[in-house]
Amino acid sequence: MGLYREFGSVIAVPDQLTIETCSAVQEAARQRLNGEGGDLILDLTETEAIDGTGLAFLITASQVASRRGSAVHVVGLADHLRALFRLARIEGLFVFSDGLEETLACVRSGAKSVELKALD
């Protein structure tokens, strides 16, 4: 898949979040954070690769959301990408969950976290 998809309040990130695909996802996130406000939900279930541009986007999105009192929820992050987040020391910037339904329920209820699996 080359482009992102949006499902209501969820942005489904493509199989690669790289310099080639990042601008479309970044624009959708910017519109969501500037328009609707609230938490940003990124579904990375299909994402297999993230390059430096993708990491920079994720960090910036987290910073923008934090300044607005919101959070960035990362759903379905593959184990090898969890290791990348840990190596880059950015895992603390995001709320992680394995399932979209639990994330949507968390956001709808106004809770600030969901039951998380350890990033070990």
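List of remarks:
- Any hit, the stretch 82-97, residues being surrounded by fewer than 14 Cβ atoms within 10 Å (Cβ to Cβ), in contact (Cβ under 8 Å) with a residue 24 or more places away in the chain and either farther than 19 Å from LEU40 by Cα or within 11 Å of the chain's Cα centre (by Cα) (or both): yes
- Verdict on ALA56 being free of Cβ contacts under 8 Å to residues at least 40 places away in the same chain, aliphatic (A, V, I, L, M) and either closer than 17 Å to LEU87 by Cβ or surrounded by fewer than 20 Cβ atoms within 10 Å (Cβ to Cβ) (or both): yes
- When residues of the stretch 20-40 are limited to those that are loosely packed, with under 15 Cβ neighbours inside 10 Å, modelled with pLDDT under 90 and of a type in the set (Gly, Ala, Ser), the one nearest to THR103 (Cα to Cα): GLY37
- Within the stretch 1-19, if we keep just the residues that are buried (at least 19 other Cβ atoms within 10 Å of the Cβ) and within 18 Å of THR53 (Cβ to Cβ), the residue that is modelled with the lowest pLDDT turns out to be TYR4.
- Members of the stretch 59-80 found to be more than 12 Å from the chain's Cα centre (by Cα) and surrounded by 17 or more Cβ atoms within 10 Å (Cβ to Cβ), listed by number: SER70
A quick yes/no check of all residues on (1) modelled with pLDDT of 75 or more; (2) assigned to a helix (DSSP H, G or I); (3) over 28 Å from ASP51 (Cβ atoms):
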{"site": "HIS80", "(1), (2), (3)": "yes, yes, no"}
{"site": "ALA83", "(1), (2), (3)": "yes, yes, no"}
{"site": "ARG89", "(1), (2), (3)": "yes, no, no"}
{"site": "PHE96", "(1), (2), (3)": "yes, no, no"}
{"site": "GLU101", "(1), (2), (3)": "no, yes, yes"}
{"site": "ALA111", "(1), (2), (3)": "no, no, yes"}
{"site": "VAL114", "(1), (2), (3)": "no, no, no"}
{"site": "LEU119", "(1), (2), (3)": "no, no, no"}
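The values are calculated or read from the model by the stated rules, or taken from the named source; none is laboratory data. This one's a predicted model, so the numbers in the text were calculated from it and none came from an experiment. Cβ coordinates were reconstructed from backbone atoms using ideal geometry, including for glycine residues, and neighbour counts include every protein chain displayed.
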